[in-house]
Amino acid sequence: MAEADRVRLRAAALTLDGGVVWDKPDKKTDLFAHLGSPVSPLRLRPATTSSSSSSAGSAKSPALGNAAAVAVGIGGRGNHSGELVAESNPPRPLRHRRSGSGPLIFSGGSSSAGSGGGGGCGSGSTASSQLTNALPTGNIFPSGRVAGAAAAPQPPRTRPVVLGSGTGHYGHGNIMRCGGGGGGMAPSRSSIDATLFHSNSSRSPASCPAPPGSGGGLQEVTRAGNEWYKKGRYGEALQHYDRALALCPDSAACRGNRAAALIGLGRLAEALSECEEAVRLDPASARAHGRLAGLCLRLGMVDKARMHFTLVGNANLSDPAEWQKLHEVESHQERCMDARKTRDWKSALREADAAIANGADSSQLLLALRSEALLRLHKFEEADSTIASLLKLDNASLPSMPTKLSGMAADSYVHIVQAQVNMAFGRFDSAVALAEKARLIDPGNSEVGVILNNVRLVARARSQGNDLFKAGKFAEASIAYGEGLKHEPSNPVLYCNRAACWSKLGWWAKAIEDCNEALRVQPNYTKALLRRAASYAKLERWADCVRDYEVLHKDLPGDTEVTESLFHAQVALKTTRGEEVSNMKFGGEVEAVTSLEQLQDAMCLPGVSVLYFMSTTNRQCAQITSSVDSLCTECPSVNFFKVNVDESPAVARAENVHVVPTLKIYKDGARVKEMICPSLQVLRYSVRHYAVSSS
């Protein structure tokens, strides 16, 4: 064969129809001669007709192979659901995959169904016909199948279409991004869609105009919202997402971004509504289903969360960790309800906490179960704080719960627990209203009826007792409170109110008994502790009286009445012990020491004395001085002295003080503690510790 013939054959083997030689690098000018930049508006060309098979998923149009190759080139990481990404970096040039030195291998147009392996879309069949840079008229899925065929060529548009890069079925012009290995795209971990819009609706995203005065287009508004979101400024982010939604109300991505901001603000009921709307707008979006499933898990909607996690799993984007959390929440919740049936409140609390820790932190049912367990364990403050977190949820906007607890509807049960907590804290009117709501929700449940009747009787008894007490009929009032205790035998408010009646009647021992019952149920019940301390004083049980007032003084350091009562109780206790009390005075000032004789007298005083060495020019002394002054008022049994080292350097040298502030504590003439430049916390703790030990 002649040399010229061999050259011609070799050139023919390396050329596809159309005269393009494939052993040279692709030129951007050739590749995008009609397509334009993959992230810039496209110049539309007449659409070519394509068809797809619903069973085998094979593409019959040769243009599909070219379209799939475009999909490989433009699919950037982190993009989802056919939404436009606001990227700061310019797009990389499109490159075709080659097999050795042979012809270009396209990643679409597979003849086998479900082909998704390798490094591209489909099976990578070899192109054998002339291919042009025609735009696809259908949506190309990771398998290389065409989602829908155009019935007729598209008419020209007044606004350019923007090429998306998502993974769902979002309408004309969106090319699906391909994942390697047939596993699909890994789900993004961000809470917001970095992309801007879906185009599943009849309204094209490119046709979402920016109205006058809107402050920018969809991309700019969403990008600004994303920046606020990343900074944790969810309110500002929500404002921008609202504007984006106004620009494109049919965008599932805009709905999803708004839901993310609402979740950050704790407005979960509104977020749930937005997530459901996003799924309605784009049923094929794994991202939308994933966000909705996670929110349902937080709200304790286990069955609904499972359904949407399953839909995410069907898209091969399911996270095993989320499934594990769902399983843990479900199993712990079941064990919690079983423990409630047997009245094992410690186990019920442990299981409720475990379910909440695994993700159901905003479940109405779990929060109610936890609150009831705490109430039965006499942990009233924790029960009340748990109910407070439950009240932050917009229960009226959340769907009703299908769960039953021993035949009681879950929604009714939540109101019953709230009523019982309100009863424990003396909020009887609120308790009645909540119990009546529970009855309306579950009118046929006998347990709800019994609880409602009981709450009404207790509230009526308390109201009658209060009226009688105000009228000065203390004996009758004590009887009325006793009637309420028959229906609610562990109510601390009724015990404390009856103790007040006994105090008015001078029956101090009975007052102490009722205060003890109230404190047994609610150990830090301040009003009961005050009444018991006063009753101890009346019975001259000074040691018990001082103990109660010291607890109160610790909880209420700024209460002058408690401080004065503690002082008088301490004086009385020292007097009964035969100790010196002439140096004790209430509300005294810190006494200045200017001579060695005064210093010696201060150190030798009985009880506790505090010597404070200071300087008026020292900044830390300025902070310490105010604390020493307040401690002098709070601890009347302690003697306080101050030495200005600038005015009395001899006194400072006698005590070997070289650094200020320095504090020395003496007890009965012996030094027990020295503090150099102490923190305010250490100072207060040390002084109070020795003040209590001297009582």
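The values are calculated or read from the model by the stated rules, or taken from the named source; none is laboratory data. Computed from a prediction, not measured in an experiment: that's the story for all the values here. Every residue, glycine as well, gets a Cβ built from its backbone with ideal geometry; the counts of neighbours run over all protein chains shown. When the accessible area is computed, the model is the full protein with side chains, heavy atoms only, and any ligands, DNA or RNA have been set aside. Shrake-Rupley method; radii C 1.70, N 1.55, O 1.52, S 1.80 Å.
Rounded to the nearest 0.05, what FRET efficiency do Leu391 and Val450 give with R0 = 30 Å and r taken as the Cβ-Cβ distance? Could you check? According to the calculation, E is roughly 0.75. For Lys664, a cut-off of 15 angstrom between C-alpha atoms picks up these aspartates and glutamates, skipping any fewer than 8 places away in its own chain: Glu591, Asp601, Glu655, Glu674.
Counting Lys and Arg as +1 and Asp and Glu as -1 over every other residue whose Cβ lies under 12 Å from the Cβ of His689, the net charge comes to +4. A 1.4 Å probe, protein heavy atoms only, puts the accessible area of Asp555 near 90 Å².
With every protein chain in place, what's the accessible area of Val279 (1.4 Å probe, Å², nearest 10)? Its heavy atoms expose roughly 20 Å² to the probe. Dividing the convex hull volume of the alpha-carbon atoms in the range 618-695 by its residue count gives 93 Å³ per residue.
For the range 566-660, the solvent-accessible area works out to 49 Å² per residue, with a probe of 1.4 Å and every protein chain left in place. When the C-alpha to C-alpha distance is required to be over 19 Å, the pairs from Lys404/Lys437; Lys527/Lys554; Lys486/Lys527; Lys642/Lys673 that qualify are Lys486/Lys527. Site pair Lys231 and Lys341 shows an inter-label distance of 5.4 nm when each label is modelled 7 Å from Cα along Cα→Cβ. With R₀ fixed at 60 Å, the C-beta to C-beta distance from Glu579 to Arg460 puts the FRET efficiency at about 0.70.
Annotation for the range 214-304: trypsin sites (Lys or Arg not before Pro) lying in DSSP loop with at most 13 further Cβ atoms inside 10 Å of their Cβ are Lys231.
For a paramagnetic label modelled on Val672 (point 7 Å from Cα along Cα→Cβ), amide N atoms under 11 Å away belong, within the range 605-633, to 607-610.
Between the residues Thr563, Val546, Tyr536, the greatest Cα displacement towards the positive end of the dipole of the range 526-573, with unit charges on the Cβ of Lys, Arg, Asp and Glu, is found for Tyr536. In terms of accessible area, using a 1.4 Å probe and ignoring ligands and nucleic acids, Lys392, Lys437, Lys642, Lys538 rank largest first as Lys392, Lys538, Lys437, Lys642. Here the accessible area of the range 576-673 is 48 percent carbon and sulfur, with a 1.4 angstrom probe and all protein chains present. Taken along the Cα-to-beta-carbon direction at a fixed 7 Å, the label points for Ala572 and Gln598 span 3.5 nm. Placing pseudo-labels 7 Å out from each Cα toward the beta carbon at Glu381 and Val682 gives an inter-label distance of 2.7 nm. Taking the Cα centre of the range 458-517 as origin and assigning +1 to Lys and Arg Cβ atoms and -1 to Asp and Glu Cβ atoms, the resulting dipole is close to 180 debye. Near Thr662: Cβ cut-off under 13 Å, other residues only, Lys/Arg at +1 and Asp/Glu at -1. The net charge is +3.
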